[in-house]
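To keep things clear, I will list the structure first and then write my remarks on it.
The values are calculated or read from the model by the stated rules, or taken from the named source; none is laboratory data. Everything numeric here is computed off the predicted structure, so don't read it as measured data. Note that each Cβ is placed from the backbone with ideal geometry, even for glycine, and that neighbours are counted across all protein chains shown. Areas reflect the complete protein model, heavy atoms only, side chains present, ligands, DNA and RNA absent. Shrake-Rupley method; radii C 1.70, N 1.55, O 1.52, S 1.80 Å.
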Amino acid sequence: MRVRSIVSSYQEPETKRPPAVLAVALVLIGVLIGGLVGYSISSQFFLSKIDELQNRLSTLENQVSALQLMQNSSNTTTYVLEGNSSLSQLYESAKDSVVLITGTVVNYDIFYHPYYSTVQGSGFIYKFEDQFVVVTNYHVVYNARDINVRFRSGNTYLAIVKGADPYADLAVLSVNASTDEFKPIKIVSSSTLRVGDLVVAIGNPYGLAGSMSSGIVSALGRTISEDTAGGYSIANCIQTTAPINPGNSGGPLLNLRGEVVGITTAIVSGSQGLGFAIPSNTILREIKSLVEKGSYDQHPWLGVTGVDMTYDIALAMGVNVAYGWLITGVTANGPAAKAGLQGGNKQVLIKGSRVIVGGDIVIGVNNTRITGGDDLLSFLEEYALPNRTIMVTIVRNNQTMNIPVTLGTRPPLT
C-alpha cells in the first residue's frame with residue numbers, strides 16, 4: 001500500500017518556458033500570417049487593377065480605331081469628289097489656268113515727285129468665243145501700268161486691259177502670249193450654289209504662286225464695298241470660309257468639278273475665315289460686253305440711299321415693321337423720285353448714332369420679300385435691268401402699298 005501510494009502520487013516536474021519568447025513567437029506567427037493574407041489580398045487587388053487598365057486600354061484602342069474610321073470616312077466624303085477624283089486632282093486640273101498679275105502704280109508726293117509701287121494679284125484664263133482672255137478684279141489693275149501676266153510655265157508677257165467694270169470689280173486682260181500658254185477653265189452658273197457647298201480658291205497670296213485653299217460657302221447674296229466702285233456697293237457676292245489673303249484677288253473660286261463659280265475679291269481686315277467672291281453669274285452676264293465694248297453699262301439704278309431697318313428704328317418711327325430697307329434719301333430726278341418714293345424727313349439719335357427717319361420702308365420687290373439692303377441690291381443686280389419696271393412694296397405711315405418704278409442706268413464713274 002505504501003509503495004502504491006508513493007507511485008500514484010508521483011508527478012513529473014513541469015518544464016517552464018520564458019513568457020517573452022512565447023509572445024515574440026506569437027507575434028512573428030501573426031505577422032507571417034498577416035503578410036500572407038495581405039499579399040494575397042493586394043495581389044488580387046493589383047491583378048484586378050491591371051485587368052481594369054487593360055480593359056480601358058482595349059476600349060481606348062477601339063475608340064481610336066473608330067475615330068480613325070470616322071476620319072477616313074469624313075475624308076472620303078469631304079475630299080473625294082465627283083468621278084472618284086480628289087482635291088489634289090482638282091488642283092492639278094486647274095493650276096495651269098491660274099496666272100500671277102503684277103503692275104506698277106505711279107504716285108506723286110506733295111512736290112509732285114513720282115514714286116512707284118507694285119500691285120499684285122491673281123487671274124484665270126478663259127476662252128470667250130475664239131479669244132483667250134485673263135479675267136481678274138478691277139482693283140488689281142486699277143491705275144496700273146506695265147501690267148504683266150506670269151503663266152504657270154514661268155513665262156511672263158505684257159498685258160493690256162481689254163475691258164473693265166468697277167461696279168462689279170471685274171476686268172478682262174488681253175495677253176500677247178503664244179497659244180500653248182493658254183489653258184482655259186470653264187465658268188458655270190453660280191445659281192446652283194448653296195450654303196454649305198465646298199469651294200476651292202486658287203491664287204497667289206503674298207506672291208506665293210499657285211496656292212490652294214478650301215472652305216465652304218458660308219452665305220450668299222452679300223453686299224460689299226470697294227474703294228474703286230465710286231461709293232456704290234457690289235451686290236450679290238458669295239461669302240466663303242476659304243482662306244483668302246492679299247494677292248488672292250482675281251483668282252478663281254471653284255466648285256468640286258473644278259469649274260469657276262466666282263472670282264475671289266475681298267477680305268474683311270482682322271476677320272477669321274471671312275472672304276468674298278464676285279459670283280460667276282456676273283462674269284457670264286458681262287463678259288461679252290467687256291470683251292467687245294470694253295465696258296458694261298447695264299447696272300440698274302434706283303436712285304436712293306438707305307439703311308437696314310432695326311427694332312430700335314421701328315420704335316423711333318412708331319411703325320409696326322422692323323424689317324426691310326429704310327429709304328433715307330432720294331436722288332433728285334432719279335427713278336425713285338420720279339416714281340414718288342420718299343426719303344427721310346428728320347434726324348434722330350438712336351443709341352448714340354444719328355439716323356434719318358420718316359422715309360418709305362422697302363419690304364418687297366416683284367413679290368420677293370426684302371429684309372434688308374443685301375436682299376434689295378442682290379435682287380436688282382441679279383434680276384433687273386435698266387429701263388425695266390419693277391413693283392416696289394413699301395410701308396408708309398403704317399400703310400402697305402405697291403409703287404411701280406422704272407429703273408435707270410447707273411451713272412458712269414468719272
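A Cβ-based charge dipole, computed about the Cα centre of region 81-217 with Lys and Arg at +1 and Asp and Glu at -1, lands at about 100 debye. In this rough spin-label picture, where each label sits 7 Å from Cα along the Cβ direction, the ARG145-ASN397 distance is 6.0 nm. For ILE187, the residues 5 or more places off, or on other chains, whose built amide H falls under 5 Å of its own are VAL260. A Förster radius of 25 Å, combined with the Cβ-Cβ distance separating THR389 from GLU259, puts the computed FRET efficiency at roughly 0.10. P(r) tail for region 114-212: Cα pairs beyond 20 Å make up 44% of the total. Radius of gyration (Cα atoms) of region 259-298, expressed as a multiple of 2.2 N^0.38 Å: 1.48. Computed over region 234-387, the quotient of the alpha carbon radius of gyration and 2.2 N^0.38 Å is 1.24. So how far, in whole Å, is the C-alpha centre of region 351-368 from the one of region 180-233? If we compute the Cα centre of each part, the gap is 31 Å. Once both labels are positioned 7 Å from their Cα atoms along Cα-to-Cβ, the gap between HIS113 and ALA219 label points is 4.6 nm. Using only the C-alpha atoms, the convex hull of region 163-270 corresponds to 124 Å³ per residue.
Report, in cubic angstrom per residue, the convex hull volume of the C-alpha atoms of region 357-414.
107 Å³
Rolling a 1.4 Å probe across all protein chains gives MET391 an accessible area of roughly 80 Å². Averaged per residue, region 245-294 has 34 square angstrom of accessible surface, using a 1.4 angstrom probe with ligands and nucleic acids left out. Report, in listed order, any pair from LYS183/LYS288; LYS95/LYS162; LYS95/LYS183; LYS183/LYS293; LYS162/LYS293 with a Cα-Cα distance greater than 18 Å. Beyond 18 Å between Cα atoms: LYS183/LYS288; LYS95/LYS162; LYS183/LYS293.
Apolar share of the accessible surface for region 204-300: 50 percent from carbon plus sulfur atoms, 1.4 Å probe.
The amide H of VAL365, built 1.01 Å from its N in the peptide plane, has ILE370, THR393 as neighbours under 5 Å, considering only residues 5 or more places off or on other chains. Phi angles across region 172-184 convert, under the Karplus curve 6.51 cos²θ - 1.76 cosθ + 1.60 with θ = phi - 60°, into 3J(HN,Hα) values of 10, 10, 9, 10, 8, 10, 5, 4, 6, 7, 8, 10, x Hz, Gly and Pro given as x. Under the convention that each Lys and Arg Cβ holds +1 and each Asp and Glu Cβ holds -1, the size of the dipole of region 231-376 around its Cα centre is about 140 debye.
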